[in-house]
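Encoded as structure tokens, the structure appears first; notes follow it.
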Amino acid sequence: MEATYTGAVTPSGQPAVRELTGLTITKYAVDPQMANNCYLLRCTTTGAQLLIDAADDAPALMELTGGIVDTIVTTHQHWDHHRALADLAAVTRPMTVAGEPDADAIADATGVEVTRRVGDGDIVHVGDVALEVIAIAGHTPGSICLLYTDPDGHPHLWTGDSLFPGGVGATFGDAEAFATLIDQVETKIFDRLPDETWFYPGHGGDSTLGAERSSLPEWRARGW
């Protein structure tokens, strides 16, 4: 699967599956209008499962996960990233994870308590696999990315709505928020991680840091 994975999915279409040494990544898109990406990570040693963004369509996500989810991570507080959280949590009883500054907003919107509030450098486990939290403010105050440093390959990074192919996430005309976002994406992601890092955003297709790196000055100059 590794050789054929492209990250191209369509809402309610077939998932894209990537097999790493200790981790299986399944990407699935929901909602034709918003085209949110949901990512199911499965530890191949223990079978533990972690879902990144229960964005919508709880029945489809229940089928995707087999009704077993140990952890649900919500990358940020925006409504389109947690519409299925309440329904999935009611059945699977997972640990729920979100960035500290966004946790109250997520809980208020969904009625689901955030059982673990995380910040920069915290580790979230899916079975034997460790995912490092990278806090990236700007799109929302508590947006988080998750980094898997594959010992047998390149890094993998789930970016929520903080980084996409072609630019950083929306800051809705807020110049200060944009400055924060572009600064943190540059220093915490591009300055730290190698070109071969593959990243998985909250909407649309994937990319690598190497494919986007040369565009950073252009993004900064245009202000979005």
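The set of residues from region 180-196 being in a loop (DSSP other than H, G, I, E, B) and without any contact (Cβ under 8 Å) to a residue 24 or more places away in the chain comprises Asp191, Arg192, Asp195. In this structure, does Gly173 turn out to be modelled with pLDDT of 95 or more, assigned to a loop (DSSP other than H, G, I, E, B), farther than 24 Å from Thr21 by Cβ and over 18 Å from the mean Cα position of the chain (by Cα)? Taking the combined requirement at face value, the residue satisfies it. Among the residues of region 156-183, those that are closer than 17 Å to Lys27 by Cβ and in contact with a Pro (Cβ under 9 Å, 6 or more places away or on another chain) comprise Trp158, Thr159, Gly160, Asp161, Leu163, Phe164, Pro165. Restricting to region 202-224, name every residue that is touching a Ser or Thr at 6+ places or on another chain (Cβ under 9 Å) and either of a type in the set (A, V, I, L, M, F, W, C) or closer than 17 Å to His154 by Cα (or both). Asp206, Thr208, Leu209, Gly210, Trp224 - these are the residues of region 202-224 that are touching a Ser or Thr at 6+ places or on another chain (Cβ under 9 Å) and either of a type in the set (A, V, I, L, M, F, W, C) or closer than 17 Å to His154 by Cα (or both).
Give Ala8, Ala48, Ala29, Ala35 a once-over and let me know the one that is under 25 Å from Glu113 (Cβ atoms) and either touching a helix residue (DSSP H, G or I) at 6+ places or on another chain (Cβ under 6 Å) or at pLDDT 95 or above (or both). The match here is Ala48. The set of residues in region 75-108 being within 22 Å of Pro59 (Cβ to Cβ), over 19 Å from the mean Cα position of the chain (by Cα) and in a helix (DSSP H, G or I) consists of Asp87, Ala90, Val91, Thr92.
Kindly indicate whether any position in region 18-40 is touching a Gly at 6+ places or on another chain (Cβ under 6 Å), buried (at least 18 other Cβ atoms within 10 Å of the Cβ) and not in a strand (DSSP E or B). No.
Sub-8 Å Cβ pairs linking a first residue in region 149-170 that is farther than 19 Å from Ile72 by Cβ and free of Cβ contacts under 8 Å to residues at least 60 places away in the same chain to a second residue that is assigned to a loop (DSSP other than H, G, I, E, B) and β-branched (Val, Ile, Thr), at least 6 apart or interchain, are His154/Thr197; Pro155/Thr197; Leu163/Ile136, ordered by first then second residue. Annotation note: Cβ proximity below 6 Å between a residue of region 112-131 that is touching a residue at least 60 places away in the same chain (Cβ under 8 Å) and a residue that is of a type in the set (Gly, Ala, Ser) and in a loop (DSSP other than H, G, I, E, B) (sequence gap 6+ or interchain) occurs for Val126/Ala48; Gly127/Ala48; Val129/Gly22.
The values are calculated or read from the model by the stated rules, or taken from the named source; none is laboratory data. All values reported here derive from a predicted model rather than from experimental measurement. Please note: Cβ atoms are built from the backbone with ideal geometry, for glycine as well, and neighbour counts cover all protein chains shown.
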